[in-house]
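Undergrad: Below are the structure tokens for one structure; questions will follow.
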Amino acid sequence: MNALTEIAIGSRTLFSGNEAVARAVWESGAAVATAYPGTPSTEILETLARYPDIRAQWSVNEKVSLEVAIGASLVGARAFCAMKHVGMNVAADALMSQALAGCHGGLVIAIADDVGLSSSQNEQDSRYWGRFAHLPMLEPADAQEAHAHTLAAFELSEQVGCPVLLRLTTRVCHVKTLVSVGERQAPPARGFIRDSRRWVMLPSNAKSMLPRQDERDATLTALADESDLTTLMDGIDRSVGIVSSGPAALSVREALPDTPLLKLGFTHPVPVERIRAFARTVDTLLVAEETEPLVEQALKAAGIDVHGKDVLPRHGELSVSVLRRGVARLRGEEPAHAPPAGPDPSVFPRPPTMCAGCPHLSPFYCLSKLRRAALIAGDIGCYTLGAGHPWQAMDTCTCMGASVTMAQGLAIARSGEDSKKSVVAVIGDSTFLHMGMQGLLDLVYNRANVTVMLLDNRTVGMTGGQEHPGTGFDIHGEEAPRVDFVALVKAMGVKPERVHSVDPYELPELFRLIRTETQIPEVSVIITNQPCVLTDRHVPRPALKVVEEDCTGCGGCIDTGCPAIQVTRRETTTTKSGKTKELAFARIDSAFCTGCNACVETCAPNAIVPLDPAAHPRLERV
């Protein structure tokens, strides 16, 4: 029995927004669902994989994911694709052309924005994709609306004949509310309709589609103005009326319950005439939107007097307190000054770090020791933490796959003192398959002098341990072909003698390899090969401990950055040469320790020993 399909039809179930979207995709009769993991959207596909009668699968990147969904739509099936906001940057090539051609079976694309940057490198507003691509955009405010809007999106897609964008935000994706569920409705079979003038995007064909796109824009504008996804919540205080959408609209209602609110569910095209009519009923109109002034600018262009980012912040979430202060400013009142946000002084600060025994600890320990002699280009993953304390072994990090390509730029353009430094690119296994392979191919083709460290921990660690083509399993946990990274990089042209696979826990060997390869003026690849400690592929070794009376405070073990190692006390001493030296005495939380052995190699006085000597056969130092 499947617990998800056994939920009684019409009952109310506690779902997150991601779970609600997944339920609605299944209920809509979709045949195919694709995604690449990315917070806050990841759980949509993970949930869909638990439903029957739908093919849910991870793709190597968002462009591939969208193109698979487009192909399914063209043969008449309903298809769904999910990604986080930066993922649409990768998928935009497919989106912009297919938006012009349209779709056959219903095609819904969920884009999850990370308002407030809780786990992203930027805070872009995906509503602009609707305007850019001339596509409808629906925007739910909670899980119940996420469910309803997803169902509506499939109907709208087939009604108008184009993909429909569903804009989610972190608050919608991860907050749970009660959701009324329905049953799966299998849509009628449509089949493939051969129409090369529409589906083959030659310039001559694309030109003929432009008038059709204009007609579609007009149709969508009329639908947006009439949509019942947009609701009016009346209020007795008509001095200010607010237009809002998504979770911001819920914050508006909580902050200002007596203020009229036009809550947009169909946010592109902007329902200008409906808003114009609403504006006539209030003294002052305010747009509260996260994050860019898209609606505000559209209304100003239409000649509607409106306020927005002149009183509300352009970045971050619009909380209740922020909204109240903004409206107070708009009314000419002195807003109450909120205390500056900051950490609770009663809570000890705990910056993000890698896990105890993480296979990425040793590579960054080694890089930190070569820090002055190298330029290090980083990438997107949990290994991005290598930029932090204590390693500080990352100089750049921009987007998925950029470490390899930016390293090439660093290598070919460095000058002065930088010309004496080696260039290292650090990238994870999933990120390499996502967008790093092309960069390596370009490195080889252009004969750049870069050492690539491919940290293979056999999972998409940064989003919770999802599968990918390098893990050997699919989203259902079934065996799948597994990429051989050594064979792959050799096939891409890296010389066999410059390709190395190494156990990252063998710290001396890893350090020797990095030091050697960075001194050779050609492309080399070092692949680490231990799984993430949070997956069932990791086999922990017996724990270690520090013999405290033998510890000299050298701090070598602390420099690995392992959170299982704790500083017990610090002392300052003076060396024979008169220099001041700080000593850091350590202990190991043995319950936390995975026995990886990396810290043993850094301990000068050999003070780290097995917690149970009989259970640790490989503790001898190399």
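The values are calculated or read from the model by the stated rules, or taken from the named source; none is laboratory data. Values in this document were obtained by computation on a predicted structure and should not be read as measured data. As a convention, Cβ positions derive from the backbone with ideal geometry for all residues, glycine included, and neighbour counts pool all protein chains shown.
Undergrad: Which members of segment 131-144 meet the condition of being surrounded by 24 or more Cβ atoms within 10 Å (Cβ to Cβ) and outside any loop (DSSP other than H, G, I, E, B)?
TA: Taking segment 131-144 first, the residues surrounded by 24 or more Cβ atoms within 10 Å (Cβ to Cβ) are 135-141, 143.
Passing the criteria: Met137, Leu138, Ala143.
Undergrad: Given the options Glu139, Glu158, name the one that is touching a residue at least 12 places away in the same chain (Cβ under 8 Å) and out of contact with any helix residue (DSSP H, G or I) (no Cβ under 6 Å at 6 or more places or on another chain).
TA: Working: Glu139 fails: out of contact with any helix residue (DSSP H, G or I) (no Cβ under 6 Å at 6 or more places or on another chain).
Being touching a residue at least 12 places away in the same chain (Cβ under 8 Å) and out of contact with any helix residue (DSSP H, G or I) (no Cβ under 6 Å at 6 or more places or on another chain) holds for just one of Glu139, Glu158, which is Glu158.
Undergrad: Only one of these is at pLDDT below 95 and either in contact with a Ser or Thr (Cβ under 6 Å, 6 or more places away or on another chain) or closer than 22 Å to Cys81 by Cα (or both): Ala206, Ala189. Name it.
TA: Numbers: Ala206 fails: either in contact with a Ser or Thr (Cβ under 6 Å, 6 or more places away or on another chain) or closer than 22 Å to Cys81 by Cα (or both).
Just a single option satisfies the conditions, and that option is Ala189.
Undergrad: Okay, next question. Taking the criterion of being in contact with a Gly (Cβ under 8 Å, 6 or more places away or on another chain) and buried (at least 18 other Cβ atoms within 10 Å of the Cβ), would at least one residue in segment 192-201 satisfy it?
TA: Among the residues of segment 192-201, at least one is in contact with a Gly (Cβ under 8 Å, 6 or more places away or on another chain) and buried (at least 18 other Cβ atoms within 10 Å of the Cβ), which makes the answer yes.
Undergrad: Here is a check on your reading of the model: is Glu273 in a helix (DSSP H, G or I), assigned by TED's automatic domain parsing to the domain that holds Pro313, in contact (Cβ under 8 Å) with a residue 40 or more places away in the chain and more than 16 Å from Leu318 (Cα to Cα)?
TA: Judged against the criteria, Glu273 is a match.
Undergrad: I'd like to verify a number: residues in segment 196-227 that are among the polar types (S, T, N, Q) and in contact (Cβ under 8 Å) with a residue 24 or more places away in the chain, how many?
TA: Here is the first cut: in segment 196-227, the ones among the polar types (S, T, N, Q) are 196, 204-205, 208, 213, 219, 221, 227.
Going one step further and asking which of them are in contact (Cβ under 8 Å) with a residue 24 or more places away in the chain, we end up with 213, 219, 221, 227.
Residues meeting the conditions: 4.
Undergrad: Looking only at segment 179-191, filter to residues that are aliphatic (A, V, I, L, M) and surrounded by fewer than 13 Cβ atoms within 10 Å (Cβ to Cβ); which one of those is farthest from Ala141 (Cα to Cα)? Let's see the steps before the verdict.
TA: Of segment 179-191, the ones aliphatic (A, V, I, L, M) are 179, 181, 186, 189.
Adding the requirement that they be surrounded by fewer than 13 Cβ atoms within 10 Å (Cβ to Cβ) leaves 186, 189.
Numbers: Ala186: 27, Ala189: 32 Å.
Filtering first and then ranking leaves Ala189.
Undergrad: What residue, among those in segment 196-251 that are assigned to a strand (DSSP E or B) and polar (S, T, N, Q), is farthest from the chain's Cα centre (by Cα)? So that I can check it myself, show each step before the final result.
TA: Taking segment 196-251 as the starting set, the residues that turn out to be assigned to a strand (DSSP E or B) are 231-233, 240-245.
Of the ones still in play, those that are also polar (S, T, N, Q) are 231, 244-245.
Working: Thr231: 31, Ser244: 25, Ser245: 23 Å.
By that ranking, first place goes to Thr231.
Undergrad: Still on this structure, please answer the following. Could you tell me whether any residue of segment 388-399 is surrounded by fewer than 24 Cβ atoms within 10 Å (Cβ to Cβ), under 22 Å from the mean Cα position of the chain (by Cα), over 29 Å from Ile558 (Cα atoms) and among the hydrophobic types (A, V, I, L, M, F, W, C)?
TA: Scanning segment 388-399 turns up at least one residue that is surrounded by fewer than 24 Cβ atoms within 10 Å (Cβ to Cβ), under 22 Å from the mean Cα position of the chain (by Cα), over 29 Å from Ile558 (Cα atoms) and among the hydrophobic types (A, V, I, L, M, F, W, C).
Undergrad: Out of segment 228-239, which residues are surrounded by fewer than 19 Cβ atoms within 10 Å (Cβ to Cβ) and either in contact with a helix residue (DSSP H, G or I) (Cβ under 8 Å, 6 or more places away or on another chain) or touching a residue at least 60 places away in the same chain (Cβ under 8 Å) (or both)? Please lay out each step first, then the result.
TA: From segment 228-239, those surrounded by fewer than 19 Cβ atoms within 10 Å (Cβ to Cβ) are 228, 231-239; that's our starting set.
Within segment 228-239, Leu232, Met233, Ser239 meet the criteria.
Undergrad: Determine the pairs where a residue that is over 10 Å from Val272 (Cα atoms), located within segment 299-310, has a partner that is surrounded by 13 or more Cβ atoms within 10 Å (Cβ to Cβ) and among the hydroxyl-bearing types (Ser, Thr, Tyr) with Cβ atoms under 9 Å apart, the partner being 6 or more residues away or on another chain.
TA: Taking only residues 6 or more apart or on different chains, the pairs are Asp305/Thr284; Val306/Thr284; His307/Thr284.
Undergrad: State all residues of segment 146-195 that are in contact with an Asp or Glu (Cβ under 7 Å, 6 or more places away or on another chain), closer than 13 Å to Arg23 by Cα and part of a helix (DSSP H, G or I); if no residue qualifies, say none.
TA: Leu151
Undergrad: Can you name the condition, by its number, that Asp217 falls short on among (1) out of contact with any Asp or Glu (no Cβ under 7 Å at 6 or more places or on another chain); (2) crowded, with 18+ Cβ neighbours inside 10 Å; (3) not hydrophobic (A, V, I, L, M, F, W, C)?
TA: (2)
Undergrad: Going residue by residue through segment 148-167, is there one that turns out to be touching a strand residue (DSSP E or B) at 6+ places or on another chain (Cβ under 9 Å), β-branched (Val, Ile, Thr) and under 26 Å from Thr231 (Cβ atoms)?
TA: yes
Undergrad: Is segment 114-129 home to any residue that is assigned to a helix (DSSP H, G or I) and surrounded by fewer than 24 Cβ atoms within 10 Å (Cβ to Cβ)?
TA: To start, the set of residues in segment 114-129 that are assigned to a helix (DSSP H, G or I) comprises 127-129.
Narrowing the set further to residues that are surrounded by fewer than 24 Cβ atoms within 10 Å (Cβ to Cβ) leaves 128.
Yes, there is a match, as at least one residue in segment 114-129 is assigned to a helix (DSSP H, G or I) and surrounded by fewer than 24 Cβ atoms within 10 Å (Cβ to Cβ).
Undergrad: Quick check on Val86: is it over 15 Å from the mean Cα position of the chain (by Cα) and among the β-branched types (Val, Ile, Thr)? First the steps, then the outcome.
TA: Numbers: over 15 Å from the mean Cα position of the chain (by Cα): no; among the β-branched types (Val, Ile, Thr): yes.
In short, no.
Undergrad: Evaluate segment 361-376: report whether one residue or more is within 22 Å of the chain's Cα centre (by Cα) and charged (D, E, K, R).
TA: Checking segment 361-376: not a single residue is within 22 Å of the chain's Cα centre (by Cα) and charged (D, E, K, R).
Undergrad: Does segment 435-455 contain at least one residue that is touching a residue at least 60 places away in the same chain (Cβ under 8 Å), buried (at least 19 other Cβ atoms within 10 Å of the Cβ), of a type in the set (A, V, I, L, M) and touching a Leu at 6+ places or on another chain (Cβ under 7 Å)?
TA: yes
Undergrad: Can you tell me which of (1) touching a strand residue (DSSP E or B) at 6+ places or on another chain (Cβ under 7 Å); (2) in the same structural domain as Asp429 (by TED's automatic domain parsing) is the one Thr471 doesn't meet?
TA: (1)
Undergrad: Also: Within segment 402-424, take every residue that is outside any helix (DSSP H, G or I) and of a type in the set (S, T, N, Q) and give me the one that is farthest from Ala374 (Cα to Cα).
TA: Filtering segment 402-424 for residues outside any helix (DSSP H, G or I) gives 414-415, 421-424.
The next check asks that each one be of a type in the set (S, T, N, Q); those that pass are 415, 422.
Numbers: Ser415: 13, Ser422: 4 Å.
Only one residue fits best here, namely Ser415.
Undergrad: Right, another one. What about Gly578, is it in contact with a strand residue (DSSP E or B) (Cβ under 9 Å, 6 or more places away or on another chain) and either of a type in the set (Lys, Arg) or not in a strand (DSSP E or B) (or both)? I'd like the intermediate steps shown before the answer.
TA: Details: in contact with a strand residue (DSSP E or B) (Cβ under 9 Å, 6 or more places away or on another chain): no; either of a type in the set (Lys, Arg) or not in a strand (DSSP E or B) (or both): yes.
Against the criterion (in contact with a strand residue (DSSP E or B) (Cβ under 9 Å, 6 or more places away or on another chain) and either of a type in the set (Lys, Arg) or not in a strand (DSSP E or B) (or both)), Gly578 does not qualify.
Undergrad: If you don't mind, another one. Any idea which residue in segment 508-549 is surrounded by the fewest Cβ atoms within 10 Å (Cβ to Cβ), counting only those that are touching a Gly at 6+ places or on another chain (Cβ under 6 Å) and of a type in the set (Val, Ile, Thr)?
TA: Ranking the qualifying residues of segment 508-549, first place goes to Thr535.
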